[in-house]
Structures are given as structure tokens and as C-alpha cells.
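Asks: Structure in C-alpha cells, see below.
The values are calculated or read from the model by the stated rules, or taken from the named source; none is laboratory data. A quick note: this is a predicted structure, and the numbers were derived from the prediction, not measured. All Cβ positions, glycine included, derive from the backbone under ideal geometry; neighbour counts span all protein chains shown.
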Amino acid sequence: MDESRQGSSTAGSARHKSKVAYRFDVRSDVLMLRRILDTLPFRAGHGNTMRAWASVAESMNSDDFGGRPLVDGSSIKRRFDALLESFRRGEMDVLRSSGTEAEYSSRNQLITQIAAQ
């Protein structure tokens, strides 16, 4: 009887997989910022804001990221808010990890353009 319990608990835990977090890097930041610059979701009217952020996420999810987990509109908005805050504080260099100089330059240029909107 103990064996049947173990089997059922293993089957139950397999059904409840935890969601894998999307990890932003400089490449995905550049892609996200390009989509944001094209659509300006923060300018969507009342009641349409989260739908606009979800549209940016859908656009990113349609691109192949080599098996990366899907991103949602809330995650996009949070990441954008964090980037914008870092930009306004002059702390963009803190966000350097892996990436090329060209990617960092693109990210900085895009966030500068968006902040000027």
C-alpha cells in the first residue's frame, strides 16, 4: 500500500510543474526596446495599457529564442520600468553582464529614444 501512495504522489507532483522565469539579457532587452519603441505601450489609453504590453510580449514570443520560456506583458513592463529607472539614475553600466559592446550601445540608444518620448 505504501508503494501505491508513492506512485500517486509522484504522478501528482509531475502535474504541478513550476513556471520557469524568463531571464532577460542584453539581446532580449534590445529586442524588447525595439518593440516598445514601435508600439509605445505606455501611451495606450486607460483600460488598454496591459493589452498593449501583452502585445509586445506576443511579438517577442513569436521570435525564436532557442527554447527560452515565454514572457508575458507584466514581465515586459517590469523589465522596462527597471531599465528606465536605471537609465534615469545613470546606472546602465551596472546592468552589464554578457553581451557585446554593440548590444550595450544599442540598448542605451533605444532607451534614450524611448525616454525622450
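Asks: For the stretch 1-116, please list each of the helices (runs of 4 or more DSSP H) lying entirely inside it that holds at least 3 residues being modelled with pLDDT of 90 or more and within 19 Å of the chain's Cα centre (by Cα). Steps first, please.
Replies: Numbers: elements: 2-15, 26-39, 49-62, 73-89, 101-115.
Because the criterion is at least 3 residues that are modelled with pLDDT of 90 or more and within 19 Å of the chain's Cα centre (by Cα), the helices (runs of 4 or more DSSP H) in the stretch 1-116 that meet it are 26-39, 49-62, 73-89, 101-115.
Asks: Check off (1) over 21 Å from T39 (Cα atoms); (2) among the hydroxyl-bearing types (S, T, Y); (3) out of contact with any Leu (no Cβ under 9 Å at 6 or more places or on another chain) for S74 and give me the number that stays unchecked.
Replies: (1)
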